[in-house]
1. If amide H atoms are built 1.01 Å from N in the plane of the peptide, which residues on other chains or at least 5 residues away come under 5 Å of the amide H of Tyr152?
2. Within region 11-43, list the trypsin sites (Lys or Arg not before Pro) lying in a DSSP loop whose Cβ has at most 15 other Cβ atoms in a 10 Å radius.
3. Taking other Cβ within 10 Å of each residue's Cβ, how do Lys100, Lys92 sort, fewest first?
4. I'd like the Karplus ³J(HN,Hα) series for region 130-137: coefficients 6.51, -1.76, 1.60, θ = phi - 60°, whole numbers in Hz, and an x wherever there's a Gly or Pro.
5. Once phi is turned into ³J(HN,Hα) by the Karplus curve 6.51 cos²θ - 1.76 cosθ + 1.60 with θ = phi - 60°, what whole-Hz value does each residue of region 49-64 show in order, with x for glycine and proline?
6. Looking at the chain from every direction and averaging, what is the projected area of its Cα convex hull in nm²?
7. Which one, Phe137, Phe117, Phe97, has the greatest fluctuation when you compute a Gaussian network model over the chain with C-alpha springs under 10 angstrom?
8. Rg and Dmax in Å for region 5-54, alpha carbons only: what are they?
Amino acid sequence: MKIDRLDLEIIKHLQEDARLSFRHLGRKLSVPHTTVFTRAEKLVKKGVIKKFSALIHPHDMGLQTGFVIIDTPPAKSKEMAEKISKLNEAQKVYRTFDGKIITKVVVSDQHRGLEKFLTKVGNYPMTTLAVHDVVKFEEGVHPEILKTLDIYQDK
């Protein structure tokens, strides 16, 4: 799939505000709203846009964010990552090539919440990093990074 400058603009604006109507976005981009709708639908079908959602900042809600790096044997990392991904506290779960699992967790009850999460994980060596302050909170991919991809055709 190729994306062009218009696709990139649609992605950028929807990442900033997923509530933006296609009609309003069409006016902003000087194209018919039907074009915006068609392009957005194509981006969803191709898996470029995963979903439209509201982002909640955990710290603003009084929740604790943390990262847990679990050193599992590579042969068990996929199974462990699947287990962790089913836990409510696990927001993001990544596997590295060498068997480590990196998990972003959000818990209530500060340190006790993190401790409760860790008891669900198992007895693997791990590093736990409780976040004190969030300096940048952004979930999307910056358009300038998207422009560097091979799928971008307006290079």
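Just so you know, all these numbers are worked out from the coordinates, no wet-lab data involved. Keep in mind that this is a model prediction, so the values were computed, not measured. So basically every Cβ, Gly included, is an ideal-geometry build from the backbone, and we count neighbours across all protein chains shown.
1. Those qualifying (amide H under 5 Å, at least 5 residues apart or on another chain) are Ile3.
2. On the way: sites: Lys12, Arg19, Arg23, Arg27, Lys28, Arg39, Lys42; in loops: Arg19.
Hits after loop and neighbour filter: Arg19.
3. Working: Lys100 19, Lys92 12.
If I rank by nearby Cβ atoms, fewest first, I get Lys92, Lys100.
4. Taking θ as phi minus 60°, the curve returns 7, 7, 8, 8, 9, 8, 9, 10 Hz for region 130-137.
5. For region 49-64, the Karplus-derived couplings read 9, 7, 6, 10, 8, 9, 9, 10, 7, x, 5, 5, 8, x, 9, 9 Hz, x marking Gly and Pro.
6. Numbers: hull surface 45.2 nm².
If you wrap the Cα atoms of the chain in a convex hull and average its projections, you get 11.3 nm².
7. In the Gaussian network model the winner is Phe97.
8. My reading of the Cα-based Rg and Dmax gives 9.8, 26 Å.
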